[in-house]
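To start, the structure under review is shown below, and the notes come after it.
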């Protein structure tokens with residue numbers, strides 16, 4: 001029998017204790033099961049792409065010169081769903097170079113998504129006050145990066161990060177983020 005997986009599920013004949021080895025064919029039974037297992041292995045993958053295994057990723061960040069910042073990000077791809085999270089801890093040589101901070105994706109997202117599509121959340125930790133400001137991470141017309149945004153004080157919306165939004169950035173301040181998106 002030719003296997004149907006992964007387009008549809010296979011139907012195997014289970015032999016009983018009273019069946020002869022020819023009904024169903026013993027060798028065909030082994031061949032069918034071997035083919036099915038090989039198809040499952042191909043679908044699930046091997047090595048660092050094993051279903052559900054997180055991998056380290058070093059992103060490119062625009063709008064910030066990282067200098068001696070500590071960056072720790074990881075991602076996991078399951079079929080076309082990607083979960084990506086991480087943190088950036090500012091060092092003494094980390095500098096803000098522009099607004100519109102963006103962080104590269106470990107796996108491109110599906111197509112060029114519309115503007116202002118929220119894909120996750122971000123927390124901005126101000127080490128001097130001990131306060132976390134919650135913002136969002138959005139896809140901003142790019143399939144290769146996400147934009148980090150922060151809340152505007154006293155308002156109900158978010159805006160682009162800058163050297164003073166959501167606070168004046170300094171050594172030991174941190175960016176934390178977690179996003180989920182569809183892979184290309």
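Remarks
- Listed here are the strands (runs of 3 or more DSSP E) enclosed by segment 55-113 that have at least 1 residues being closer than 20 Å to residue 149 by Cα: 70-78, 81-89, 102-104.
- Taken together, the residues in segment 3-32 that are surrounded by 12 or more Cβ atoms within 10 Å (Cβ to Cβ), in a loop (DSSP other than H, G, I, E, B) and within 37 Å of the chain's Cα centre (by Cα) amount to 5.
Readers should treat all values here as calculations from the given coordinates under stated rules, not as data from a laboratory. Bear in mind that the values here come from a model prediction, so they are computed numbers and not experimental data. Because the Cβ atoms are built from the backbone with ideal geometry, glycine has one as well, and the counts that use them run over all protein chains shown.
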